[in-house]
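The values are calculated or read from the model by the stated rules, or taken from the named source; none is laboratory data. As the structure is a computational prediction, the values presented were derived from the model and not from experiment. Every residue, glycine among them, receives a Cβ derived from its backbone with ideal geometry; neighbour counts consider all protein chains shown.
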Amino acid sequence: MSTAASQLVSMEEIRAAARRIAGIAMRTPLVRAQFPGVSGFGQAREIWLKAESLQPIGAFKIRGASNKILQLTANEIVRGVITYSSGNHAQGVAYAAREVGAKAVIVMPSNAPSVKRAATLSLGAEIVDVGLASSERLAMAETLVREHGYVVIPPYDDEQIIAGQGTCGLEIVEDLPDVDLVAAPVSGGGLLGGVAAAVKRLRPQVKVFGIEPELAGDTAESFRTGKIVTWPAELTSRTIADGLRTQSVGERNFAHIRSFVDGIVTVTEAEIRAAMRAIVTATRLVPEPSGAVAAAALLFHSSEFPEYRKAVAVVSGGNVDPAMLAEVLTGKGA
């Protein structure tokens, strides 16, 4: 593993990120979920949801994007920024770029959800379409950087992005000091790596788990084998969780995951849908599929976790297509 990948973000960097992004990203609440038979008032186990779906862009990605963009020089802002994303990071970059007056170019896969595409355009960004593979998005971004001199804002494999996402973990521990289990979605690994770094540095005894769809389980395989594996796009694109279709975990993120994460649990498509329904019913929060995977793991895979009294599941986003939400809530297409 390279020297860059072995550098882990410090607690000081995460705290600095929290101060830096305070004017853009929201400090999201923890919402207690009363899931029948699993958690609720009067029961021994509590499940709290970290409601990142309430961010200005509807997802946690605004944390890392803002932390990176707010550290750009005046010259870099003039050059403009570019990223490659299926939607939520695209919105985070577009939102933060608009705040500093920078042009934002987003390379998106052709199957990006229309709701995320429309939101990105509404924030003033320019969209460039490519195929389904995350490698295609990266290649196009690199080409445009060579042609136009844009500054790349990586979606996950970057220390400043990881530190920004780590502010989510900082808030969890500050708001629920006696938490003993934290579950967060994982794809590229920026959120999980950052959250785990913050939580473990503040409360080493807390168990931290990454959750991903079994149809896009490259991080689970990477964690199990101890080396990064890549899944082809035709496999990862099968999952309903469009935000978790990255083909491999980032190198820097994997270094954080190996240092701070206790395990990776995978969930089925049916479990993701059921968790979406359960979250809406129990809390009135609206999760996108990617945002429901952590709750799905706590609901349907309790035997894969150590005993806990208070758990937090990160609801990473709520940018779900209304038609898909209606389909999920009515139980159709499951």
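Residue count for segment 130-157, restricted to those that are in contact with a helix residue (DSSP H, G or I) (Cβ under 9 Å, 6 or more places away or on another chain) and more than 23 Å from residue 28 (Cα to Cα): 15. Residues considered: 259, 290. Of these, the only one that is exposed (fewer than 15 other Cβ atoms within 10 Å of the Cβ), closer than 20 Å to residue 168 by Cα and assigned by TED's automatic domain parsing to the domain that holds residue 171 is 259.
Residues in segment 142-155: is at least one touching a strand residue (DSSP E or B) at 6+ places or on another chain (Cβ under 8 Å), surrounded by fewer than 21 Cβ atoms within 10 Å (Cβ to Cβ) and in a strand (DSSP E or B)? Within segment 142-155, one or more residues are touching a strand residue (DSSP E or B) at 6+ places or on another chain (Cβ under 8 Å), surrounded by fewer than 21 Cβ atoms within 10 Å (Cβ to Cβ) and in a strand (DSSP E or B). Within segment 187-210, can you find the residues that are of a type outside the set (Lys, Arg), in a helix (DSSP H, G or I) and closer than 18 Å to residue 305 by Cβ? 192, 195, 196, 199, listed by residue number. What about residue 172, is it farther than 16 Å from residue 9 by Cα, in contact (Cβ under 8 Å) with a residue 60 or more places away in the chain and assigned to a helix (DSSP H, G or I)? Yes: the conditions hold for residue 172.
Pairs needed: first member in segment 16-38, assigned by TED's automatic domain parsing to the domain that holds residue 52; second member anywhere, among the acidic types (Asp, Glu) and surrounded by fewer than 16 Cβ atoms within 10 Å (Cβ to Cβ); C-beta distance under 7 Å; at least 6 residues apart or different chains. Here the result reads 24/99; 30/175, each pair linking segment 16-38 to a residue that is among the acidic types (Asp, Glu) and surrounded by fewer than 16 Cβ atoms within 10 Å (Cβ to Cβ). Take the conditions (1) in contact with a strand residue (DSSP E or B) (Cβ under 6 Å, 6 or more places away or on another chain); (2) polar (S, T, N, Q); (3) surrounded by fewer than 24 Cβ atoms within 10 Å (Cβ to Cβ); residue 219 misses just one of them, which is (3). Got at least one residue in segment 84-98 being farther than 16 Å from residue 156 by Cβ, in contact with a Gly (Cβ under 7 Å, 6 or more places away or on another chain), in the same structural domain as residue 148 (by TED's automatic domain parsing) and surrounded by fewer than 21 Cβ atoms within 10 Å (Cβ to Cβ)? Checked against the condition, which is being farther than 16 Å from residue 156 by Cβ, in contact with a Gly (Cβ under 7 Å, 6 or more places away or on another chain), in the same structural domain as residue 148 (by TED's automatic domain parsing) and surrounded by fewer than 21 Cβ atoms within 10 Å (Cβ to Cβ), segment 84-98 yields at least one hit. In segment 164-178, the count of residues that are among the polar types (S, T, N, Q) and within 17 Å of residue 220 (Cα to Cα) is zero.
Checking each residue in segment 106-126 for being surrounded by fewer than 16 Cβ atoms within 10 Å (Cβ to Cβ) and touching a residue at least 24 places away in the same chain (Cβ under 8 Å) picks out 111, 114, 124.
Contact map, segment 86-105: first residue more than 21 Å from residue 187 (Cα to Cα), second residue of a type in the set (Phe, Trp, Tyr), Cβ cut-off under 7 Å, separation 6 or more or different chains; pairs are 105/150.
Select from segment 80-102 the residues that are over 20 Å from the mean Cα position of the chain (by Cα) and in a loop (DSSP other than H, G, I, E, B) and write down the one among them that is farthest from residue 23 (Cα to Cα). Give the steps one after another, and end with the answer.
Keep residues of segment 80-102 that are over 20 Å from the mean Cα position of the chain (by Cα), which gives 80-81, 98-102.
If we keep only those that are in a loop (DSSP other than H, G, I, E, B) too, we end up with 80, 101-102.
On the way: 80: 21, 101: 15, 102: 17 Å.
Only one residue tops the list, namely 80.
List the helices (runs of 4 or more DSSP H) inside segment 230-334, counting only whole elements, that have at least 3 residues being hydrophobic (A, V, I, L, M, F, W, C).
251-260, 269-283, 289-300, 322-329
Residue count for segment 273-300, restricted to those that are over 18 Å from residue 57 (Cα atoms) and in contact with a helix residue (DSSP H, G or I) (Cβ under 8 Å, 6 or more places away or on another chain): 14. Answer yes or no as to whether residue 328 is touching a Cys at 6+ places or on another chain (Cβ under 8 Å) and surrounded by 14 or more Cβ atoms within 10 Å (Cβ to Cβ). It is false that residue 328 is touching a Cys at 6+ places or on another chain (Cβ under 8 Å) and surrounded by 14 or more Cβ atoms within 10 Å (Cβ to Cβ).
May I ask you to say which residue of 169, 149 is at pLDDT 95 or above and at positive phi?
Values: 169 fails: at positive phi.
So the residue among 169, 149 that is at pLDDT 95 or above and at positive phi is 149.
Among the conditions (1) modelled with pLDDT under 95; (2) farther than 25 Å from residue 177 by Cα; (3) not in a strand (DSSP E or B), residue 42 misses just one, which is (2).
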